[in-house]
Ligand SMILES: [Fe+2]
């Protein structure tokens with residue numbers, strides 16, 4: 001297959017080509033896994049494979065556009081772009097790389113695909129009521145082959161994503177929140193809301 005970067009505009013291609021090589025390699029692996037999972041789950045997601053798979057690949061390629069910037073740079077960009085900066089983002093500005101990346105894709109690279117922008121925006125924290133592309137990108141970002149070494153739970157969730165994307169997504173959100181709790185960090189409300197929306201409702205006594 002030809003280089004997936006070739007499907008992007010020259011300016012976006014140039015921006016991605018300027019990322020640190022390990023980050024660009026991560027983006028390529030996420031793109032490949034997101035497109036694979038998109039084809040596998042297209043029907044369950046109410047999509048056609050030929051529509052959702054290229055979108056998932058594009059979302060994977062561009063999702064970390066802003067990941068290489070420092071916390072200070074991300075805070076400055078978030079202010080310049082008029083993005084909300086909550087208490088958690090102020091303490092952990094790396095969380096802003098999704099929203100900042102989405103806003104830059106819109107402002108500087110002419111991307112108008114709202115589904116893609118939303119998926120990039122929420123790929124670190126998740127959000128309530130995640131759409132098809134949000135789910136594919138989140139799962140692919142957390143379970144691409146470069147992330148699995150030394151974490152058997154992630155490897156298990158990657159296998160689960162073959163059969164049940166939503167169970168894997170919920171498991172990944174819970175896994176990420178458990179790690180943050182162990183470190184004594186703050187849970188992002190968007191992650192809590194994403195997980196709550198995916199948990200099956202408790203069965204009612206009849
Ligand atoms: Fe990211």
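Read-outs throughout are calculated quantities, based only on the coordinates presented, and are distinct from any laboratory measurement. No experiment lies behind these values; they were computed from the predicted model shown. All Cβ positions, even for glycine, are placed from backbone atoms using ideal geometry, and neighbour counts span all protein chains on display.
Could you work out the per residue convex hull volume over the alpha carbons of the stretch 121-206, in cubic angstrom?
In the stretch 121-206, the Cα hull volume divided by residue count equals 127 Å³.
Hey, can you rank 125-135, 11-21 by average C-beta count inside 10 Å, highest first?
Most protected by this proxy first, the peptides run 125-135, 11-21.
Could you check the spin-label model distance between residue 203 and residue 14? Points 7 Å from the Cα along Cα→Cβ, value in nm.
Each label point lies 7 Å from its Cα, and together they span 6.0 nm.
In Å³ and rounded to a whole number, note down the convex hull volume per residue for the Cα atoms of the stretch 157-206.
Roughly 100 Å³ of hull volume per residue.
Above 28 Å lies some portion of the pair distances; for the stretch 4-196, what is it as a whole percent of all C-alpha pairs?
In whole percent, the long-distance tail amounts to 20.
When only alpha-carbon atoms are used, what values of Rg and Dmax, in angstrom, describe the stretch 80-142?
11.6, 30
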